[in-house]
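See structure below.
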Amino acid sequence: MDLIMWLMIGLGAVFFGYLLYTGQFKWLIGVVRNMALGVVGILGLNAVLSGFIPAVGVNAVTALVVGLLGVPGILFLYVARWIIG
């Protein structure tokens with residue numbers, strides 16, 4: 001198990017170094033920023049809309065959807081939650 005963990009850490013370090021070398025690190029920072037702002041937005045909307053529609057859960061998948069899609073991702077999550085019930 002330790003070998004797998006060290007391999008994953010090494011692979012992550014190589015990927016991080018590649019992003020720094022190619023200048024694509026800004027894209028990653030943008031996604032992480034959108035994820036953080038999206039989670040705060042989801043929590044705020046959950047508080048405001050708690051009496052009208054079911055709340056959207058905050059987890060890694062919802063954070064990734066919001067991080068990649070932005071505001072349309074938040075709208076997508078709420079519409080999907082409203083349709084599913």
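The values are calculated or read from the model by the stated rules, or taken from the named source; none is laboratory data. Note that the coordinates shown come from a computational prediction; the quantities given were computed from them, not determined experimentally. Ideal geometry is used to build each Cβ from the backbone, glycine not excepted, and the neighbour counts take in all protein chains shown.
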Checking LEU49, LEU45, LEU20, LEU11 in turn, the sole residue that is under 17 Å from the mean Cα position of the chain (by Cα) and either hydrophobic (A, V, I, L, M, F, W, C) or at pLDDT 90 or above (or both) turns out to be LEU45
Just give me the residues in segment 56-77 being out of contact with any helix residue (DSSP H, G or I) (no Cβ under 7 Å at 6 or more places or on another chain) and among the polar types (S, T, N, Q), in sequence order. ASN59
Name the single residue that is surrounded by the most Cβ atoms within 10 Å (Cβ to Cβ) among those in segment 1-59 being in a helix (DSSP H, G or I) and hydroxyl-bearing (Ser, Thr, Tyr). TYR18
